[in-house]
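Each remark here refers to the structure printed beneath this line.
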Amino acid sequence: MALGPRVTAIVQLDQTELDQEIIRRVLDGSRDAFEILIVRYSDPLYRHALGMTGSPDVAEDILQASFIKAYQHLNEVRGRFDAWVFRIVANACKDWLKNIRRTHVSYEEDDQPSSYATPDEELDRNELRTDLGHALSALPPSLREAFVMKHGEGTSYEEKADLLSTTVGALKMRVHRARESLQELLEEKYA
Amino acid sequence: MTPDDLPAPSPSDGRESHLRPEFDVHPPAPPANGPLADREVPISAVHSPSLLNQWLDGDASMKAAQSEHGGGDAVDLWNKINDEAEVLRSRTTPLYVHKRIMDALPSDTYKKPWYRRGVAMTPVALIAAAAALVAAGVIIARLAVR
């Protein structure tokens, strides 16, 4: 059953208060309390970094560097911790994309388990994964970010717009442009 | 005299000219590149998402997206891309990463100096502290008497 917006807001409020309590403990010297925040928020952040970089190794490094940065600046958190740490990870991903200037994304190095019925199907999907990685790397970082947030993390436009401090309309526009660009890049081969 | 013999009404004579399409008065088209009237909205500036985008956002059916020009192939492609995205959505952080991050955290960022740390008092420590205070009091009292 889907929760109504009011219930979601209350849950979010409680979550924010719990996070604030943990932050207070960390600032009081309880370093171990920070692990609660890592465990709570690492999965969506890892998926974002993985979608943006295409490499599990790079995603892990970005996650580690971002949480260390968050820990060192924890006394600067105002409001939601998850939104704040998301911006750290998102900026780190964009910086990585700017600096690395890679021409392809190494989804091939990923060792995720296969779930395809036949070897042919697996071959096709591996090819699509590689081509999708190449196409994603051709997108400007802002479009890539919007696409990954919508398709790779599966959360609503409203939630993501809130995290990015933008409007739902602007975010939708970026996702639509990203899709159109990806389709142009892939349709010749796949459509 | 039959009605056919009557002169045709002109657009300016005010007699039911609105009922006759040939006399409908349309606003003049704005000159090319000219300023638009206040109430006009240029169509090109309005973002109308394609049916494909509407389908991917959950606002239209797959059939509707397929009905668009070239929609069938595009829907097939996006079904494959969505399957790939589903793989990404199922990913979780490897457990060793949590430990790696904790090990890499600086140990002294929020460590307080010893004089600002709280003291945990157990009953034994409390009794020991009280005994030490009494002993110190006795020694001071003896020194004072001398």
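Sort out which residues of region A:113-150 are surrounded by 13 or more Cβ atoms within 10 Å (Cβ to Cβ), at pLDDT below 85 and not in a helix (DSSP H, G or I), and write them in order of number.
Answer for region A:113-150, where residues must be surrounded by 13 or more Cβ atoms within 10 Å (Cβ to Cβ), at pLDDT below 85 and not in a helix (DSSP H, G or I): just A:Tyr116.
Which ranges mark the helices (runs of 4 or more DSSP H) fully within region B:52-146 that have 3 or more residues being away from chain A (no Cβ under 14 Å) and open to solvent by 50 Å² or more (accessible area, probe 1.4 Å)?
Ranges flagged: B:62-67, B:123-145.
Kindly establish whether A:Glu60 is open to solvent by 60 Å² or more (accessible area, probe 1.4 Å) and either of a type outside the set (Ser, Thr, Tyr) or facing chain B (nearest Cβ under 10 Å) (or both).
No.
For region A:165-191, give me the residue count where each residue is within 11 Å of another protein chain (Cβ to nearest Cβ) and among the small types (Gly, Ala, Ser).
Residues that pass the stated criteria total 4.
Condition test on A:Ser137, is it out of contact with any strand residue (DSSP E or B) (no Cβ under 6 Å at 6 or more places or on another chain), away from chain B (no Cβ under 11 Å) and at positive phi? Write out each step before concluding.
Details: out of contact with any strand residue (DSSP E or B) (no Cβ under 6 Å at 6 or more places or on another chain): yes; away from chain B (no Cβ under 11 Å): yes; at positive phi: no.
Judged against the criteria, A:Ser137 is not a match.
Within region A:36-57, count every residue that is more than 8 Å from chain B (Cβ to nearest Cβ), farther than 21 Å from A:Leu136 by Cα and open to solvent by less than 40 Å² (accessible area, probe 1.4 Å).
Looking only at that region, the number is 2.
Can you tell me how many residues in region A:63-82 are surrounded by fewer than 16 Cβ atoms within 10 Å (Cβ to Cβ) and within 22 Å of A:Thr155 (Cα to Cα)?
Of the residues in that region, 1 qualify.
The values are calculated or read from the model by the stated rules, or taken from the named source; none is laboratory data. These figures come from a predicted structure and were not determined experimentally. Cβ coordinates were reconstructed from backbone atoms using ideal geometry, including for glycine residues, and neighbour counts include every protein chain displayed. Just so you know, the surface numbers come from the protein's heavy atoms only, side chains and all, with ligands and any DNA or RNA stripped out. Shrake-Rupley method; radii C 1.70, N 1.55, O 1.52, S 1.80 Å.
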